[in-house]
Each structure stands twice: as C-alpha cells, then as structure tokens.
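Q: Quick one: this structure, given as structure tokens, is what I'll be asking you about.
Rule-based calculations on the coordinates, nothing more; no lab input. This one's a predicted model, so the numbers in the text were calculated from it and none came from an experiment. Using ideal geometry, Cβ is built from the backbone for each residue, glycine included, and neighbour counts are taken over all protein chains shown.
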Ligand SMILES: Nc1nc2c(ncn2[C@@H]2O[C@H](COP(=O)(O)OP(=O)(O)O)[C@@H](O)[C@H]2O)c(=O)[nH]1
Ligand SMILES: [Mg+2]
C-alpha cells in the first residue's frame, strides 16, 4: 500500500520542518500533504519550501483562512481521494505530539483493519506533559463519547489514525458537519456504523508539544459536547 500522511497546520512554523523530516525518515515511503489555513506565522511559506525541496513527496494545500481542524481535514482528505496513487491515508498533528516512528506500525495493522486508531488509553494512560486539567478533559471526553455512542474504542477523540482508501471514501466527507476537533469523533463514528468495515487500535504515547501553542478553545469543546449527541441522534 502506498501511504500519504495528512498534516493540518496552523501556526506550526517551529515544528513543521522537524515533523516532515521525521516522517520522511520512516521506512515505507510516506508522502505528506500539509493543509495550512493561511497561518500568520508563515507556516504556509515554509510548507511550500519543503514541497519544492521534496517534489512529488511533499504536497501543500493552502486554505484562505482558519475554519477549524475539521474543515481543514475535509479539504485535505478530499484532495487525497483525488490522488489515486495513494491507498493508505494517515493523519497526525504537526506539533510532534504524535511520534512518526509509529507510522510503520499503523501500516502493519492496516493489513488487518480498514481503519486503525492510535490510542493513548489502551493500556493505562500514555500521555506525557499534559497538566491534570487537560488530561481530565481528554479522559472525560473519551468516557462521554463511549457513553453516548456505545463505541467500544478506548480513545475516540485521538487524532493519530490510518485509513484504507475505501474506508475513508465510504464515510461521506461532504456530509461531515464538524468544524473543530469533533471531526475526530465524527469520522470514527461514521465508519463504526458501516458494519462491513473494521476498526483496530494500537497503543501510542502522546507527548504534549514543546513549541508553539495549542489551538483548543471553548467553542471547540462546546461543539464537541453537543456534536456527540447530534451524531447519536443522526445515526439512529
Ligand atoms: N489547518 C488547521 N490546522 C489546525 C487547526 N486547528 C488546529 N490545527 C492543527 O491540528 C493539530 C492539533 O492541534 P493542537 O492545537 O496541537 O491541539 P491539541 O494537541 O489538542 O492541543 C496541530 O497540527 C494544529 O496545527 C485549524 O483550524 N486549521
Ligand atoms: Mg497538540
């Protein structure tokens, strides 16, 4: 399977070159699509430089403005689905919280599953450098999603995942309503509901960023709280 990693960026100038370098170092020939929302710090320009340095390997999608992580992924996945050479699509954060050395393991599990979730909570709690408040928010969100949707996965809000093309194609990107981080839950839920597809989990260690700032804010959290109920109602 030929893999591409979709990486959304907003003000990640301190992290982008490093993450691209680390992804390229992994065995398996991973290509990259950076989806930048016109970051004021110049991340988009750096992405273009990396793309000219590694033509055909690093692609860039520029969006006019920041509309949220969900919108960025819908656009990025939409573009990748137009590129028939890629049959495995992976997704990860740009801030080095997701360690690229897991990428080959995701690919291995894609041989068995249609989608693979990177889980921080499969064996205890594998999160480094988060304060207690943030950990509670994430664990709470995970339990909340489990309760409302009855999905069995240990970490439904994570953003380190791998898809077979057919699975990503089947969830209906044009019908996706999430703007923010709810997107991660929505995509998993939509696939979960299509019974012919299988979802596996691998254990990952998540390490909070050293550089740059988190983009999570109250509107993102509120959208996710209401959105999970909306998903449940819509999916009945
Ligand atoms: N293109 C784009 N990327 C975003 C947006 N919001 C967050 N990101 C990216 O999504 C990833 C995760 O965001 P981050 O702020 O680290 O979330 P946290 O780890 O949950 O605190 C990072 O690569 C961000 O740059 C957005 O609105 N647009
Ligand atoms: Mg982060």
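Q: Based on the Cβ-Cβ distance of residue 87 and residue 196, what FRET efficiency does E = 1/(1 + (r/R0)^6) give at R0 = 25 Å, to the nearest 0.05?
A: For residue 87 and residue 196, the calculated efficiency is 0.90.
Q: Residue 135 to residue 67: extension gain in nm, 0.36 nm per residue of separation minus the Cα-Cα distance?
A: On the way: separation 68, 0.36 × 68 = 24.48 nm, distance 2.53 nm.
Going from the current span to full extension adds 22.0 nm.
Q: Further question: Of the peptides 92-98, 123-129, 71-77, how do they stack up when ordered by the mean number of other Cβ atoms within 10 Å, highest first? Show your work: numbers first, answer last.
A: Numbers: 92-98: 23.6, 123-129: 12.4, 71-77: 21.9.
The most tightly packed comes first, giving 92-98, 71-77, 123-129.
Q: Here is a follow-up. Using the Cα atoms as the points, what is the convex hull volume per residue of the range 1-132 in Å³?
A: It comes to 124 Å³ per residue, whole-number rounded.
Q: Evaluate the distance, in nm, between pseudo-label points positioned 7 Å from the Cα of residue 214 and of residue 52 along their respective Cα→Cβ axes.
A: Simple spin-label model gives 3.7 nm for this pair.
Q: Using the basic label-point model (7 angstrom from Cα toward the beta carbon), what is the residue 205 to residue 233 distance in nanometres?
A: It is 4.3 nm.
Q: Return, for the Cα atoms of the range 114-154, the radius of gyration and Dmax in Å, separated by a comma.
A: In order Rg, Dmax, the Cα atoms of the range 114-154 give 11.1, 34 Å.
Q: Also, I was wondering about something else. State, in angstrom, two size descriptors of the chain derived from its alpha carbons: Rg to one decimal place and Dmax to the nearest whole number.
A: 16.5, 48
Q: I would also like to ask the following. Using all C-alpha to C-alpha distances in the range 1-57, build P(r) with 10 Å bins and read off the rounded percent in each one.
A: 24, 58, 17, 1
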